[in-house]
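Throughout, read-outs are computed from the coordinates displayed, never taken from laboratory work. Not measured: the values here are computed from a predicted model. Here the Cβ positions follow ideal geometry from the backbone for every residue, glycine too, while neighbour counts run over all protein chains shown.
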Amino acid sequence: MTDATPHRPWIQHAKKALWLGAVALVILWSLWLLYSKLRGEVATDPAARELLASGGFWVSLKIIAVTIGGSISDVPASSYALAALSALLAYIALAWYDRIALIHLGRQKEISWPFIASCSFVTYALGHNLGASVLSGGLVRLRAYGACGLSAAEVAMLVALCSFTFVYGTVLLMGLVFIYQPEIVQPLAELIPRLDLPAPLVRLIGAAMLGLCALYVLGSWRHFKPFHFRSVHIVYPRLPVVARQLIAAPLELMAAAGIIYFVLPEAGNPGFITVLGAFLLSFSAGLISQTPGGIGVMEAVFLAVLPSVAPSDVVAALLIWRLLYLLIPLAVSLPLVVAFERAQLRRAARSSS
């Protein structure tokens with residue numbers, strides 16, 4: 001037994017390296033697929049086809065970039081405004097996640113809404129951009145809520161409940177999409193052959209997902225005993241907490257998907273339900289792969305699910321989504337972190353003097 005101990009760090013490093021390698025391969029494969037789709041679209045123009053044939057890789061990238069830039073400039077100002085409002089609504093709903101968790105812990109009266117909103121905003125801005133959102137979000141919340149008197153165990157429960165609220169909303173909406181529009185899975189069979197599923201089976205999966213969501217509500221209503229699995233203990237929140245989760249989670253996800261929906265062109269737009277389903281599938285895949293911002297993964301899923309929209313318009317919409325939902329929040333969150341840390345240093349200096 002003691003001989004195997006020195007090898008454990010090597011095993012851990014090997015697993016980490018394999019995981020990082022797998023993530024890198026997913027990103028590279030997704031980017032190559034994206035490049036191929038965009039190059040094929042650009043090649044439909046005879047003049048551009050000649051340039052692509054005579055030029056190399058960098059010439060192709062330049063032509064593709066010009067095409068995407070044209071798609072971004074074609075988005076009307078009203079669509080940008082609606083997308084910005086959707087991003088704001090999404091982050092308000094994310095702050096509600098934290099508030100709901102604090103209500104469950106009975107600590108909501110001790111922490112103001114502005115502080116909760118600021119902490120949540122920084123948490124998700126960093127987590128969405130850096131990947132490993134549970135870990136990064138836990139560290140930010142531990143620092144912020146710990147300064148407000150919450151214990152490490154309470155912060156861990158808060159993070160777990162926020163994560164569960166997101167998963168619950170995803171399962172709920174995905175179940176509805178699968179029932180209402182089961183054909184949304186079919187285009188993904190080109191990427192993952194196992195997803196070549198008949199519509200009745202997809203609807204059955206959707207019904208099962210809704211059944212799980214209903215069981216959670218029933219467990220809260222009827223006060224089911226806590227669920228134990230190894231070291232995991234799931235306690236059903238009170239019904240008022242669950243009711244808030246039923247509103248907050250779908251609201252956040254639909255608002256985030258709305259950013260993309262509003263900036264897509266009207267021509268070929270498949271409708272909000274399809275865009276929502278593509279967002280749920282692609283964003284979940286991005287979180288599972290731990291790729292920062294779901295780079296490459298989201299594009300691959302959206303291009304497969306939205307074949308009626310020009311690839312350059314899809315990429316332009318996702319670039320705008322990343323700007324409004326990822327990059328601008330990240331830029332705003334960094335000064336908030338600096339301001340918070342300065343306030344903590346001043347507080348520590350006053351208490352020591």
*Apply the Karplus parameterisation 6.51 cos²θ - 1.76 cosθ + 1.60, with θ equal to phi minus 60°, to every residue of segment 141-146 and state each ³J(HN,Hα) to the nearest whole Hz, in sequence, with x for glycine and proline.*
5, 4, 5, 6, 6, x
*Considering the dipole of segment 87-199 built from charges on the beta carbon (Lys and Arg +1, Asp and Glu -1) around the Cα centre, which of Leu158, Leu88, Leu172 is farthest to its positive end?*
Leu158
*Provide Leu324, Leu330 in ascending order of the number of other Cβ atoms located within 10 Å of each residue's Cβ, fewest first.*
Leu330, Leu324
*When His104, His128 are ordered from fewest to most other Cβ atoms inside 10 Å of their Cβ, what list results?*
His104, His128
*For Arg143 and Ala65 in one chain, what is 0.36 nm times their gap in residues minus the Cα-Cα distance, to one decimal in nm?*
24.0 nm
*Order by neighbour count: Phe224, Phe302, fewest other Cβ atoms within 10 Å first, most last.*
Phe224, Phe302
_Gyration tensor (alpha-carbon) shape descriptor, segment 77-352, a/c threshold 1.5_ = oblate
_Suppose each label sits 7 Å from its Cα in the direction of the beta carbon; what would the Asp74-Asp196 distance come out to in nanometres?_
3.3 nm
*Place a +1 charge on the Cβ of each Lys and Arg in segment 77-352 and a -1 charge on the Cβ of each Asp and Glu, then give the dipole magnitude about the Cα centre in debye, rounded to the nearest 20.*
1300 debye
_Please list, in order along segment 268-284, the HN-Hα scalar couplings obtained from phi with the Karplus expression 6.51 cos²θ - 1.76 cosθ + 1.60 (θ = phi - 60°), rounded to whole Hz, x for Gly and Pro._
x, 5, x, x, 5, 4, 5, 5, 4, x, 4, 5, 4, 5, 6, 5, 5
